[in-house]
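Report on the structure given below.
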């Protein structure tokens, strides 16, 4: 992970500071349904405004094909204002001149403006240098606070960072420090808990992470593929049988790297995935052909809890069962509570991320008891896979104007 400047390293008083935030929040009927990302972005905006900066906030929103009023950032002005303590937020009807320039030029130190959706311009996603230069004309300093978009080489994320003195915002800084502590310089033993539906979406992650951690626990429907690869019957469960060879490769590599893989040894089965379904608990060698594996069993949970007691660091991505549908949330919630308990006691550094994981921890009511919970989806996953993230690489010092 490259070194990076923070907003404490840069003189911003009286300067125009372009803040790349991720305000891509759910909006229903013109109202923000979940303001978490806005609230997190507020930390950097408030800190810069307090330092006397003229704060200019940029973000993408949705996937518009050109200018689309339904994808405007205008509905976010009110929620953003509330998130920064009621401070007025000016809105620019475009993200480049002349509409943006007029709003930015009128800002006084400590004031805040929000620019219109970056993706109204196709040049944004093309990482167009000309578009980046137009954005750069609006600022004196660039601050990236959008780790969740750091895996995208877009103009406001990659090209722009090279055109102005840059720094990581408070959210980006916290994310990078947490991730670095989890895998780059961790306290060992380190455990990765990887769940979710498909091995196909996480095969690169699994191949990479066995060389980084001491224990790898695999749950969710993706565990079925590993069980199948070992010769177990999985009934009608979701299972990517064509990836059995890839699963065996992961297991083989883990053994060579000295990483212990923990797979379920008992599972919760049912005839169908529906709320309140009748369930049974069986060993992984006794799954009836007409049933589905929908959660890991209590013996498997106990093994994972025992493994957690042996570890100092945990990285978690993905639930271990079909947690959205009761009663198949039990194992995920039990593990979430155990991790929260160990973290609160100072025995475990816990970093979790990914949309389903965040939702599961929220359902368990323990998200605020983990060391760090990343709201990033794709960027978190690509970081776990060991990939260089364009938005992070671009923040390396001495690599900008």
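Bear in mind that the values in this text are calculations on the coordinates, not laboratory data. Please read all numbers here as calculations on a predicted model, not as lab measurements. Cβ atoms come from the backbone with ideal geometry, glycine included; neighbour counts cover every protein chain shown.
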Exercise. Can you give me the relative contact order of the range 186-370 as a percent, contacts being Cα pairs under 8 Å and 6 or more apart?
Worked result: 23 percent
For this session: Return an integer: the convex hull volume of the alpha-carbon atoms of the range 129-189, in Å³ per residue.
Result: 85 Å³
Problem set entry | Cα-based helix-to-principal-axis angle, 298-310 vs the chain, degrees rounded to 10 | 60 degrees
For this session: Subtract the Cα-Cα distance of residue 312 and residue 68 from 0.36 nm times their separation in residues, and report this length gain in nm to one decimal.
Result: 83.0 nm
Exercise. In percent, what relative contact order does the chain have, based on Cα pairs under 8 Å that are 6 or more apart in sequence?
Worked result: 17 percent
Exercise. Can you sort 201, 291, 44, 278 so the residue with the fewest Cβ neighbours within 10 Å comes first?
Worked result: 278, 201, 291, 44
For this session: Please say if the range 186-370 is rounded, prolate or oblate, where rounded means a/c under 1.5 for a ≥ b ≥ c the square roots of the C-alpha gyration tensor eigenvalues, and otherwise the choice is prolate for a/b larger than b/c and oblate otherwise?
Result: oblate
Seminar exercise, completed: One would report the antiparallel percent of DSSP beta bridges in the chain, rounded to the nearest 5, as 20 percent
Seminar exercise, completed: For the chain, the longest principal axis of the Cα atoms and the Cα long axis of helix 355-364 enclose an angle in degrees, to the nearest 10, of 70 degrees
Seminar exercise, completed: Rounded to the nearest Å, the spacing of the alpha-carbon centers of the range 127-143 and the range 248-307 is 50 Å
Seminar exercise, completed: With -39,500 (n - 2.57) per DSSP H segment of 4 or more residues and division by the full residue count of the chain, the 222 nm estimate, nearest 500 deg cm²/dmol, is -9000 deg cm²/dmol
Exercise. How big is the Rg/Rh ratio for the range 56-114, C-alpha atoms only, Rh by Kirkwood, two decimals?
Worked result: 0.97
Problem set entry | Calculated over the chain: convex hull of Cα atoms, volume per residue (Å³) | 145 Å³
Exercise. Could you give the alpha-carbon Rg of the range 263-377 over 2.2 N^0.38 Å, rounded to two decimals?
Worked result: 1.08
Problem set entry | C-alpha long axis of helix 170-179 to longest principal axis of the chain, angle in ° | 30 degrees
For this session: Rank by packing, highest mean first: peptides 47-57, 202-212, 121-131, with packing defined as the count of other Cβ atoms within 10 Å averaged across residues.
Result: 47-57, 202-212, 121-131
Seminar exercise, completed: Per-residue Cβ contact counts at 10 Å, fewest first, order 162, 185, 60 as 185, 162, 60
Exercise. Which order do 232, 151 fall in if you start with the one that has the fewest other Cβ atoms within 10 Å?
Worked result: 232, 151
